[in-house]
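What follows draws every value from the coordinates through simple rules; no lab data is involved. These figures come from a predicted structure and were not determined experimentally. A quick note on method: Cβ atoms are made from the backbone with ideal geometry, for glycine too, and the neighbour counts reach across all protein chains shown.
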Amino acid sequence: MTAEPAPPLHDELRSFGRKRARKPSPRQQSLWDGALPRLRIDPAVLDATPLTALFSAPVTEVWLEIGFGGAEHLIHQATLNPGVGLIGCEPFEDGVIKALTAIEERGLRNVRLHPDDVRPILRGLPAASLTKVFVLFPDPWPKARHAKRRLVSKPFLDALARVMLLGAELRIATDIPAYARTVLEAAIPHSAFSWTATGPSSWRTPWPDWPGTRYEAKALREGRRPMFLTFLRV
Ligand SMILES: C[S@@+](CC[C@H](N)C(=O)[O-])C[C@H]1O[C@@H](n2cnc3c(N)ncnc32)[C@H](O)[C@@H]1O
């Protein structure tokens, strides 16, 4: 593993809203107390470990999902790809409990969790260690005065560029046109990323292994059309 230092990230503005919505049931509390300590990863020691060794299943590559929400996509990908290790980051505790429940029910051994802000993980990961990164419906922060809280930005892409292997894929979905613009304005001029789109059907068509998420369903119900943006680390 390389010891290349992580570049500093921009000021860690709060990019997320609530951390907890409701009181956990006794079973959920026992997952939080029992399963989470085994599955959570320590951002401080990530660089000391070969990343694939973080998982109790034998895995050959590692993917990262940022803001997994209700964990629908995280669990779907982990089930579909048993030879891949997935790191899921999500500060919203109800989402973490959903992930813990599904991991236990399905006996998944290829998922590790960081129940908080992804940015310490991005600083801790070894360089060129991820082959896929998902940022699916990041919090939109639609008001102009909050736009600076949007997670995707040039410094965020710089941090992703450091930890992604050449050829790795970055998938970003959003239902907010202004957010898509924010993403494209940061990514198109970025020398480490290349947008794969060849025309509107590229960003209107979900990825072939896309299971849908709760947030996407809400956007569709409310008449917003999701955009699926794919970039390669070049
Ligand atoms: C709009 S929700 C979408 C959730 C899920 N991806 C989906 O499609 O249903 C955005 C999620 O990103 C999480 N989030 C926001 N900022 C984050 C950060 N800095 N690190 C990790 N997750 C973050 C939020 O807590 C929230 O659950």
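Report yes if some residue within the stretch 98-112 is of a type in the set (D, E, K, R), under 16 Å from the mean Cα position of the chain (by Cα) and within 29 Å of Arg22 (Cβ to Cβ); otherwise report no.
Among the residues of the stretch 98-112, at least one is of a type in the set (D, E, K, R), under 16 Å from the mean Cα position of the chain (by Cα) and within 29 Å of Arg22 (Cβ to Cβ), which makes the answer yes.
So how many residues does the stretch 127-154 have that are part of a helix (DSSP H, G or I) and more than 19 Å from Trp195 (Cβ to Cβ)?
Taking the stretch 127-154 as the starting set, the residues that turn out to be part of a helix (DSSP H, G or I) are 144-149, 154.
Now narrow it down to the ones that are more than 19 Å from Trp195 (Cβ to Cβ): 144-149.
Result for the stretch 127-154: 6.
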Considering each residue of the stretch 120-151, count those that are among the aromatic types (Phe, Trp, Tyr) and farther than 19 Å from Pro206 by Cα, and give that number. 1
So which residues in the stretch 221-234 are under 25 Å from Ala71 (Cα atoms) and in a loop (DSSP other than H, G, I, E, B)? Glu222, Gly223, Arg224, Arg225, Pro226
Residue count, the stretch 156-182, condition over 16 Å from the mean Cα position of the chain (by Cα) and either buried (at least 21 other Cβ atoms within 10 Å of the Cβ) or in a helix (DSSP H, G or I) (or both), comes to 6
Note on the stretch 183-220: residues in contact with a Leu (Cβ under 7 Å, 6 or more places away or on another chain), assigned to a helix (DSSP H, G or I) and among the hydroxyl-bearing types (Ser, Thr, Tyr) are none
Filter the stretch 183-223 down to the residues that are without any contact (Cβ under 8 Å) to a residue 40 or more places away in the chain, of a type in the set (Gly, Ala, Ser), more than 15 Å from the ligand (Cβ to nearest atom) and surrounded by 11 or more Cβ atoms within 10 Å (Cβ to Cβ) and list them by number. Ala186, Ala197, Ser202
